[in-house]
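Asks: I have a structure here, written as structure tokens, and I will follow up with some questions on it.
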Amino acid sequence: MEERFPPPPKADSQHDGGSGSDGDHEANPDRTLVSNPHSPEHSFASDTYVVQIPKDQIYRVPPPENALIVERHQKPAGEKKRSCCCSCCCCLFLTIVLIVLAITILAIVSSVFFKLKNPSFHVDNFLVKNLTKSHDKNTKLVYDVKLKVENPNAYSSFIYEQGGVVSLAFKQKAIATGKYTPFDQNHKTSKAVDVVLNGSNTVLPKEMQESLASNQKTKNHVTFALNVNVPARRKIWKIEGSTSRYVALCRFTVDTLGKDARVLSQDCETERKDL
């Protein structure tokens, strides 16, 4: 490093007699005057001084306080980068968990839907009421049918809606019709449903007339076909499915159409029809 100093005052040659220059050199041993007249720099800067600085004051690396400032400025950036990385990892992990959970729920719901069974219908009791008066030529009957409706599913319930129809046929000919009462049925439960079927005011077939006139000793067996057509929706937990029609066909035989009639045998099947 070089440092410029103002030129020293010129000593009176007559007063000092050349001894002033020697005194200056002895007082400032570290300051050397460049006064070579033959040097090319002499004409540019005749009063130039060379200042020598101790080596222990020369810093080849930033001082400690500068390093602290740099570290203070770099630390927030590093923390921000780590924070962004952590946030991205959390979002990715949460997305994976949600996808796995959605797939699991879908698989469970699908397996439950595929394993669902249709409700079953059975004839528990069958009673015939003769409303024909003595002067009427035609016979008018009312049939009281008690059905047992079962829901065999462990997780699904049924919601039976309005519009259900029940019909009774003898030898493939409809003889009575009625309405099916709507209700809600939980899973793994059974319910007794009373259905009233009003017969048409017509001449009855010979077999039915003989069964109505039979007594306790002589009973004439009669076979009927009961058809149940009811709209219903499945419900799994809080999820409700679309409305479907459940059609049940029961072929059953009773010992008589008189009092104390008993159902001797029956065969029931239920089919689902999507709307």
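Asks: Which of rounded, prolate, oblate describes segment 183-270, given a ≥ b ≥ c as roots of the alpha-carbon gyration tensor eigenvalues and a/c under 1.5 marking rounded, otherwise prolate only if a/b is larger than b/c? Don't skip to the end; give the middle numbers.
Replies: Numbers: a/c = 3.23, a/b = 2.43, b/c = 1.33.
Note, shape of segment 183-270 comes out prolate.
Asks: On a 25 Å Cα-Cα criterion, which of the cross-link pairs Lys188/Lys273; Lys188/Lys259; Lys115/Lys173 come out too long?
Replies: Details: Lys188/Lys273 22 Å; Lys188/Lys259 34 Å; Lys115/Lys173 36 Å.
Flagged as over cut-off: Lys188/Lys259; Lys115/Lys173.
Asks: Let me ask something else. Between beta-carbons, use under 12 Å as the cut-off and find the net charge around Lys171, counting Lys and Arg +1, Asp and Glu -1. Working shown, then result.
Replies: On the way: positive: Lys173, Lys206, Arg251; negative: Glu207.
Net charge around Lys171: +2.
Asks: Next up: Evaluate E = 1/(1 + (r/R0)^6) for Lys191 and Val100, where r is the Cβ-Cβ distance and R0 equals 35 Å; express this FRET efficiency to the nearest 0.05.
Replies: On the way: r = 40 Å, r/R0 = 1.13.
For R0 = 35 Å, the calculated efficiency reads 0.35.
Asks: May I pose another question? What list of ³J(HN,Hα) values in whole Hz, one per residue of segment 183-192 in order, does the Karplus curve 6.51 cos²θ - 1.76 cosθ + 1.60 (θ = phi - 60°) give from phi, with Gly and Pro shown as x?
Replies: Going residue by residue, I get 6, 9, 10, 6, 5, 6, 10, 10, 9, 8 Hz, with x marking Gly and Pro.
Asks: Students often check this: by mean Cβ neighbours within 10 Å, which of 162-169, 266-273 ranks highest, and how do the rest follow? Mind dumping the intermediate values first?
Replies: Numbers: 162-169: 16.5, 266-273: 13.4.
Descending packing order for the listed peptides: 162-169, 266-273.
Asks: Still on this structure, I have one more. Taking K and R as +1 and D and E as -1, what net charge do the other residues with C-beta under 15 Å from the C-beta of Gln162 add up to? Write out the running numbers ahead of the final one.
Replies: Values: positive: Lys179, Arg233, Arg245; negative: Glu161, Asp184.
Taking every Cβ under 15 Å from that of Gln162, the sum is +1.
Asks: Another question about this same structure. I'm a student and want to see the number: the projected area of the Cα convex hull of segment 123-217, averaged over all directions, in nm². Before the final figure, lay out the partial values.
Replies: Values: hull surface 31.9 nm².
With the hull built on Cα positions only, its mean projection is 8.0 nm².
Asks: At a probe radius of 1.4 Å, what is the per-residue accessible area of Leu264, in Å² to the nearest 10?
Replies: 70 Å²
Asks: Leaving out ligands and nucleic acids, and using a 1.4 Å probe, what accessible area per residue does segment 145-257 come to in Å²? Before the final figure, lay out each step's value.
Replies: Values: 5920 Å² over 113 residues.
Using a 1.4 Å probe on heavy atoms only, each residue of segment 145-257 averages 52 Å².
Asks: Expected output is a single nm value to one decimal: the length gained when fully extending between Gln52 and Lys146, i.e. 0.36 nm times separation in residues minus the C-alpha distance. What is it?
Replies: 21.7 nm
Asks: Relative to the present Cα-Cα distance, how much length would full extension add between Ser87 and Gln172 at 0.36 nm per residue of separation? Kindly include the intermediate steps, with their values, before the conclusion.
Replies: Details: separation 85, 0.36 × 85 = 30.60 nm, distance 7.24 nm.
Roughly 23.4 nm would be gained on extension.
Asks: While we're on this one: So if I place +1 on the C-beta of Lys and Arg and -1 on the C-beta of Asp and Glu, and nothing else carries charge, what would the dipole magnitude of segment 199-275 be about its Cα centre? I want it in debye, nearest 20. Spell out each step's value before the answer.
Replies: Working: 13 positive and 9 negative charges, 69 e Å.
For segment 199-275, the charge dipole is close to 320 debye.
Asks: Net charge near Ser244: determine it from the other residues with C-beta under 14 Å of the C-beta of Ser244, scoring Lys and Arg +1 and Asp and Glu -1. Let's see the in-between values first.
Replies: On the way: positive: Lys117, Arg233, Arg234, Lys235, Arg245, Arg272, Lys273; negative: Glu161, Glu240, Glu271, Asp274.
Value of the local net charge: +3.
The values are calculated or read from the model by the stated rules, or taken from the named source; none is laboratory data. What you see is a predicted model; the values in this text were computed from it and never measured. In this analysis, Cβ positions are derived from the backbone assuming ideal geometry, glycine residues included, and neighbour counts consider all displayed protein chains. We work out accessible area using only protein heavy atoms, side chains counted, and drop any ligands, DNA or RNA first. Shrake-Rupley method; radii C 1.70, N 1.55, O 1.52, S 1.80 Å.
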